[in-house]
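The values are calculated or read from the model by the stated rules, or taken from the named source; none is laboratory data. This one's a predicted model, so the numbers in the text were calculated from it and none came from an experiment. Cβ coordinates were reconstructed from backbone atoms using ideal geometry, including for glycine residues, and neighbour counts include every protein chain displayed.
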Amino acid sequence: MTDIQQKLKTLREEIRQHNYRYHVLDAPIISDGEYDRLLHELKAIEAEHPEWITPDSPSQRAGAPPASKFDKVRHPAPILSLANAFGADDARAWFERVCKLDERVSESAFTVEPKIDGLSVVLHYRDGIFVQGATRGDGEIGEDITANLRTIKAIPLKIPVSSNQSSVVSEQGELPLFKDSPALNTEYSLPEYLVVRGEVFISHKDFASLNERLSEAGEKTYQNPRNTAAGALRQLDSSITAQRPLTLLIYQIVHAEGGTVPNSQWERLEYLRELGFPVSVDSRNFSNIEETITYCANWEEARDQLPYEADGIVIKIDDLELSDSLGIVGKDPRGATAYKFPSLEVTTTLKDIQIEVGRTGVLTPKAVLEPVEINGVTVSNATLHNFDFIAEKDIRIGDRVLVKRAGEVIPYIIASITEARSGHERPVHPPKKCPACEQTVEKIQDEVAYYCINAACPAQLIRNIQHFVSRGAMDIVGLGIKIVEQLVNEGLVGDVADLYTLEKETLLALEGFKEKKADNLLNAIAASTAQPLTRLLTGLGIRGVGESVAADLTDHFADLDALRAATQDDLEAIEGIGPNIAAAIVDWFLLPFNQQILGKLRDAGLNPSNQLSVVSDQSSVFSGLTFVITGTLPTMTRAEAKEFIQEQGGKVTGSVSKKTDYLLAGEKAGSKLTKAEGLGVKIISEDELKEMVN
């Protein structure tokens, strides 16, 4: 593996961890600016080497998996995020790129909206009634938080609210709506099923008042509005949510069936406002890109005047049909970009460097800072990528360091200020022993990371089990991080195989466990024994073997015994598997501890074979074809239809474009059907889909 391939691997793992902490745990450890830099670096490498792009790369997906404590909700269309433009030059570069794809963009108008730093939510309305609300989750599946969202007064429970919005403004105080609202535009009809997207947040004013009340009551105050809002929405008790001053702004129609909605983003904002949804008063529409960029640049200087946290301005091509036709790159729609505000920088003292042990045994240095306030937030920690980074930047304990923050919570160190040194600063050296288990640390050739290779290392154990039970691996529902920690701390689980030896009586003796919870967990663990070989390989935590590599391995090896017998040369012969991953796989199977785990898993009934190793002629019927699914199908759910198409080699996307080969349409197909007809896309029924396979 080359240095650049190793860099790519390290970036992907780091970004996945940050995605999980930010979107699932609501506990980010780096700033938005640092995350943006990592993602930008990842995309730059993949742009230079598109052959290295894998389906599990963070660039190919939005966000991260939903938390396990809420019911899951599948979104009717992907809930995407945006690529970033760091300043006017980047915004112009984005404009020039999309102009090359479609010359109509050069004459397009643009709609701009503040990029609110809150929690993205998806609201469902049927026949004008609010029936369900969810978080964004991983972009495909979110968390059902309907009860909590109902407590937010800014969300209309029925639409349209009225033909005049003045009553809404008076009820919601300073809720930012357009003024002088006309009657509902009769050119469009209310869809029978309408799904909209917005951002939940707490305004600066309300956040200050909340903390003042908590302080007067002698209670703990909050550090920032974003995490406070996210935490409130994820309360199991909606009465707690109701006590927080949450509000929201709506900015997107995700899906509409059985009615007509505008095809212009600006008109959609107006339409949403007329229905009674809160829409940003700071949204604007411009006829050309230079006026648009000027408006964004002006907000860089006036960002503090916004009544809420915002880290940029979103630029959207106003013609939504044109925008959709440009398609998607990874998780980013080409028809929009986020003009990001510059991050903030301060100096402080680096007091110490602590070492954290990751799931794969990677030792990651973490900076402990003299607490410093950055834009109203006190920060005391920063993430340092690796020891090579520390050496390259000549960062020493006791240094005065320049730190940057863009968004929330933890900053990152840019550089040491060597001119401020007194001579008492201490150089940082890579550790020789793991801080958790005191076993010897190893550094693999051509890699920047230092590893603890002790599979029984207690610091790794919790993270290994957490990975094993995750949705992308064995998918053991209900086994979250807190329960994993509880099982490990009580000495009930010493490796992943011990999960399958847990007994009900043992669980009932633990704090928080009752009959139903114990039964549910044991049933979920038992159900996981039926998972295919690909998922088991992913869950074992072999270095370099994620979902994509696991799928490649199962294409070549019938079961674990066949893989265990493979030589390094056998593995390197597989496309996409280099010498480092091949060596890691061979080494993993040679370790006695891992052999013991495999034996225990077999005893528990986990010894899956690759049932797809013999590929039938039908499996590639849809190879090279792109499908979009809309409406209600007679016998299949959309998820089942998607899986059916993918099993036959097809690809399923969320929006209709010129590249769409087939639209699978059921009842109440809505706007996608209209668009498909306009583009000449072939429209098929569920029966016709099955006939194509037969």
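Quick notes on this one:
- Members of region 113-161 found to be closer than 15 Å to Tyr251 by Cβ and small (Gly, Ala, Ser), listed by number: Gly118, Ser120, Ala154
- Qualifying position, being closer than 28 Å to Ala336 by Cβ and either touching a strand residue (DSSP E or B) at 6+ places or on another chain (Cβ under 7 Å) or in a loop (DSSP other than H, G, I, E, B) (or both), among Arg268, Arg273: Arg268
- Checked against (1) closer than 28 Å to Pro592 by Cα; (2) over 26 Å from the mean Cα position of the chain (by Cα), Leu508 passes all but condition (1).
- The lone exception for Leu553 - which of (1) more than 25 Å from Ala449 (Cβ to Cβ); (2) over 23 Å from the mean Cα position of the chain (by Cα) it fails: (1)
- Any hit, region 101-116, residues being in a strand (DSSP E or B) and under 22 Å from Ser657 (Cβ atoms): yes
- Within region 203-234, the set of residues being of a type in the set (Ser, Thr, Tyr) and free of Cβ contacts under 8 Å to residues at least 24 places away in the same chain comprises Ser215, Thr221, Tyr222.
- Qualifying positions in region 208-230 - in a loop (DSSP other than H, G, I, E, B) and acidic (Asp, Glu): Glu219
- Qualifying residue in region 583-593 (condition: at pLDDT 90 or above, surrounded by fewer than 14 Cβ atoms within 10 Å (Cβ to Cβ) and more than 28 Å from Pro50 (Cα to Cα)): no
- Single residue of region 270-311 satisfying the filter (within 23 Å of Arg104 (Cα to Cα) and of a type in the set (A, V, I, L, M)) that is farthest from the chain's Cα centre (by Cα): Ile289
- Selection status of Ala459, loosely packed, with under 14 Cβ neighbours inside 10 Å and among the small types (Gly, Ala, Ser): no
- One residue from Asn263, Asn224, Asn298 being touching a strand residue (DSSP E or B) at 6+ places or on another chain (Cβ under 8 Å), closer than 30 Å to Glu103 by Cβ and of a type in the set (S, T, N, Q): Asn263
- Where strands (runs of 3 or more DSSP E) fall wholly inside region 409-475, the ranges with 2 or more residues that are touching a Leu at 6+ places or on another chain (Cβ under 9 Å) and either modelled with pLDDT under 85 or farther than 22 Å from Asn594 by Cβ (or both) are 412-416.
- When region 279-317 is filtered for residues that are among the aliphatic types (A, V, I, L, M) and over 15 Å from Ala91 (Cα atoms), the ones remaining, listed by number, are Val279, Val281, Ala302, Leu306, Ala310.
- As a summary of the residue check, Pro225 satisfies the conditions (1) exposed (fewer than 15 other Cβ atoms within 10 Å of the Cβ); (2) touching an Asp or Glu at 6+ places or on another chain (Cβ under 8 Å) except for the one numbered (1).
- A single member of Val496, Val488 is at pLDDT 90 or above, surrounded by 13 or more Cβ atoms within 10 Å (Cβ to Cβ), under 28 Å from Pro431 (Cα atoms) and not acidic (Asp, Glu), and it is Val496.
- Some residue of region 321-339 being assigned to a loop (DSSP other than H, G, I, E, B), assigned by TED's automatic domain parsing to the domain that holds Leu246, of a type in the set (A, V, I, L, M, F, W, C) and touching a residue at least 40 places away in the same chain (Cβ under 8 Å): yes
- Residues (surrounded by 20 or more Cβ atoms within 10 Å (Cβ to Cβ) and farther than 21 Å from Asn298 by Cα) located in region 83-105: Val98, Val105
- For first residues located in region 679-694 and within 11 Å of Val621 (Cβ to Cβ), partners that are exposed (fewer than 15 other Cβ atoms within 10 Å of the Cβ) and lie 6+ apart or on another chain with Cβ distances below 8 Å form the pairs Val693/Gln618.
- Hey, Ala297 part of a helix (DSSP H, G or I), of a type in the set (Gly, Ala, Ser) and either out of contact with any Asp or Glu (no Cβ under 8 Å at 6 or more places or on another chain) or more than 30 Å from Asn227 (Cα to Cα) (or both) or not: yes
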